[in-house]
Amino acid sequence: MEIIKLKDEFIKLGQALKAAGFVDSGVEAKMVILDGLVKVNGEVEVQRGKKLYDGDEVEFEGNIIKITK
């Protein structure tokens with residue numbers, strides 16, 4: 001499990017995937033999100049710009065990102 005500490009009020013989904021090292025670029029993040037491979041709080045999410053807040057969880061290829069303050 002990767003933990004991302006928020007510097008601001010939120011982080012966008014694509015940025016979170018990059019920050020956790022799950023993807024190498026924004027383009028790759030966009031592709032895996034649009035392909036329906038990413039879940040936010042258990043639901044498939046297809047918006048790269050989805051805002052993630054404290055307590056949200058992202059799942060990608062069996063890996064989890066936990067968003068905390």
Open item on the list: On the basis of being within 9 Å of the chain's Cα centre (by Cα) and either modelled with pLDDT under 95 or not in a loop (DSSP other than H, G, I, E, B) (or both), does Glu28 make the cut?
Closed with: no
TODO: Would you point out the residue of the range 36-57, among those that are farther than 20 Å from Thr68 by Cα and out of contact with any helix residue (DSSP H, G or I) (no Cβ under 8 Å at 6 or more places or on another chain), that is surrounded by the fewest Cβ atoms within 10 Å (Cβ to Cβ)?
DONE: Gly36
Open item on the list: I need the full set of residues from the range 6-25 which are open to solvent by 40 Å² or more (accessible area, probe 1.4 Å), under 17 Å from Lys69 (Cβ atoms) and either part of a loop (DSSP other than H, G, I, E, B) or of a type outside the set (A, V, I, L, M) (or both), in order please.
Closed with: Lys7, Asp8, Glu9, Phe10, Lys12, Gln15
- [ ] Name the one entry in Ile33, Ile3 that is on the phi < 0 side of the Ramachandran plot, outside any loop (DSSP other than H, G, I, E, B) and surrounded by fewer than 12 Cβ atoms within 10 Å (Cβ to Cβ).
- [x] Ile3
Task: Filtered residues of the range 40-55 (kept if among the acidic types (Asp, Glu) and assigned to a loop (DSSP other than H, G, I, E, B)) - done: Glu45, Asp54
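The values are calculated or read from the model by the stated rules, or taken from the named source; none is laboratory data. The model shown is predicted, which means the values in this text are computed figures rather than measured ones. Note that each Cβ is placed from the backbone with ideal geometry, even for glycine, and that neighbours are counted across all protein chains shown. Areas reflect the complete protein model, heavy atoms only, side chains present, ligands, DNA and RNA absent. Shrake-Rupley method; radii C 1.70, N 1.55, O 1.52, S 1.80 Å.
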